[in-house]
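K.L.:
There's a structure below that I have some questions on.
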Amino acid sequence: MLGKAGSVLLIVLCQISAMTLWFSATAAATGLVEAGRLSDQQAGLLTGAVQLGFVAGTIASALLGLADRLDPRRLFCVAALIGAGANLLLLRFGFDNWGTVALRFVTGAVLAGVYPVGMKMAAGWAERAVGLMIGTLVGALTLGSALPHLFNAWSGLDWRTTILASSGCAAAAGVAILAVGLGPKHRPSQRFVFAHAFQEFRSRPLLLANAGYLGHMWELYAMWAWIGVFLTWGFSQAGAPMTASVGVLTFFVIAAGAVGSVVAGLLADRLGRTTVTMLCMAVSGSCAATIGLVPALGAPILVGVAILWGLTIVADSAQFSAAITELSAPQMVGTMLTIQTCLGFLLTFFTIQAMPLVIDLLSWRFAFAVLAIGPALGVLAMWRLRYQPEAVRIAGGKR
């Protein structure tokens, strides 16, 4: 087995590769929407099915305590390989039938064995810099989520290339993760009692940390799912159509969050988690509220605001998870992370599906402003957490 440096690097690379499954169909469908072969609502349903599948998977994992009872490497491996297989079957089913929706649901369900499990393995190697460690892993998730847009931009309307590339990445990750070593802070649970987990979850500090996370998630995945379509509209409004380049720009907007996650993790370990999360949500919420008005200022300003939004919208994500690892009992960390992600992704299903209705009602000029509600409430929750007595356990007392 690999040591600390090799294990952490491999966890990050495997997370990047496996998480390409999340938006593989969404990215591949973008060209089909533009060509009129798929509706916005159908495309949104493909992403929504992954969200609901992930929720179902995390509920099952939390009820059974899988993330704390099983060897996380084997759980990750099996989940990634099943996800790769389900993604490959899209080549047989295409995009315009219920079989596709079912396959996306299965893909989301097995990713419950990838995302929170990867965070648990990374946290097992963290000594003091928990925020940076998990920030790096969330940066990997962000980059993995962005890569399908780049695959699709390279392959044009040939969605099969995107599906093949993401499936290959996930399968490779499933095999490679078996070489990872488990860190000294890894604590398996010998006996899982759901009542104990529920009592842990109900503690006020964890409730506030999760409330902040939900405010963040209200905004995040709806933006990721719809930013490509918005940019197409935005460039047309700015008088600079860039349809051919939107896929590449969408990749850079989402991928900017990978850099933001690492930088925010570094700062949070030094300045405090609540400080950094509140700052990130204030900036991203401001971008959400105003980006619909920006095309009138020209394409360069639109690109700048979009990248700033991508940089900050996910930068705080890891810090909510880091706070959970610091506030939870060691033998409950995997389950608490799983519950947190379950609640967050359940919320994202509704925001993603609501966006077409919001767009019809408010137009693209004001649609994203609705997403600013989440960060505003998230800032309030983290402000309250900052003054809880248990907050001294966060970031070594830096809160």
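The values are calculated or read from the model by the stated rules, or taken from the named source; none is laboratory data. Just so it is clear, the model here is predicted, and its values are computed rather than measured. Please note: Cβ atoms are built from the backbone with ideal geometry, for glycine as well, and neighbour counts cover all protein chains shown.
K.L.:
Scan segment 293-305 and tell me whether some residue there is within 21 Å of the chain's Cα centre (by Cα) and either within 27 Å of Ala122 (Cβ to Cβ) or hydrophobic (A, V, I, L, M, F, W, C) (or both).
P.N.:
Looking through segment 293-305, at least one residue is within 21 Å of the chain's Cα centre (by Cα) and either within 27 Å of Ala122 (Cβ to Cβ) or hydrophobic (A, V, I, L, M, F, W, C) (or both).
K.L.:
Quick check: is even one residue across segment 322-331 touching a helix residue (DSSP H, G or I) at 6+ places or on another chain (Cβ under 6 Å) and under 19 Å from Ala372 (Cα atoms)?
P.N.:
No, that holds for no residue.
One line per residue, one yes/no per condition, for (1) among the polar types (S, T, N, Q); (2) over 20 Å from the mean Cα position of the chain (by Cα); (3) part of a helix (DSSP H, G or I):
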| residue | (1), (2), (3) |
| --- | --- |
| Ala323 | no, no, yes |
| Glu326 | no, yes, yes |
| Leu337 | no, no, yes |
| Gln353 | yes, no, yes |
| Asp360 | no, yes, yes |
| Gly378 | no, no, yes |
| Met382 | no, no, yes |
| Ala391 | no, yes, yes |
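K.L.:
Also, quick follow-up: Return the total of residues in segment 110-138 being of a type in the set (A, V, I, L, M, F, W, C), under 19 Å from Val175 (Cα atoms), at pLDDT 75 or above and assigned to a helix (DSSP H, G or I).
P.N.:
Filtering segment 110-138 for residues of a type in the set (A, V, I, L, M, F, W, C) gives 110-112, 114, 117, 119, 121-123, 125-126, 129-130, 132-134, 137-138.
This time we only want the ones that are under 19 Å from Val175 (Cα atoms), so: 110-112, 114, 117, 119, 121-122, 137.
Pick out the ones that are also at pLDDT 75 or above and you get 110-112, 114, 117, 119, 121-122.
Remaining after also requiring assigned to a helix (DSSP H, G or I): 110-112, 117, 119, 121-122.
Total satisfying the criteria: 7.
K.L.:
Please go through (1) closer than 30 Å to Gln199 by Cα; (2) hydrophobic (A, V, I, L, M, F, W, C); (3) modelled with pLDDT under 90; (4) surrounded by 17 or more Cβ atoms within 10 Å (Cβ to Cβ) for Leu38 and return the number of the only condition it doesn't satisfy.
P.N.:
(1)
K.L.:
Looking at segment 269-279, which of the residues that are touching a residue at least 40 places away in the same chain (Cβ under 8 Å) and within 23 Å of Leu371 (Cβ to Cβ) is surrounded by the most Cβ atoms within 10 Å (Cβ to Cβ)? Can you show your working first?
P.N.:
Initial filter on segment 269-279 (touching a residue at least 40 places away in the same chain (Cβ under 8 Å)): 269-278.
Pick out the ones that are also within 23 Å of Leu371 (Cβ to Cβ) and you get 273-278.
Numbers: Arg273: 31, Thr274: 28, Thr275: 18, Val276: 27, Thr277: 33, Met278: 22.
Only one residue tops the list, namely Thr277.
K.L.:
Of the residues that sit in segment 142-164 and are modelled with pLDDT of 75 or more and surrounded by fewer than 20 Cβ atoms within 10 Å (Cβ to Cβ), which one is farthest from Leu9 (Cα to Cα)?
P.N.:
Arg160
K.L.:
Moving to a separate point now. Return yes when Ala315 is among the hydrophobic types (A, V, I, L, M, F, W, C) and in a helix (DSSP H, G or I) and no when it is not. Break it down into steps so the answer makes sense when it comes.
P.N.:
Working: among the hydrophobic types (A, V, I, L, M, F, W, C): yes; in a helix (DSSP H, G or I): no.
Against the criterion (among the hydrophobic types (A, V, I, L, M, F, W, C) and in a helix (DSSP H, G or I)), Ala315 does not qualify.
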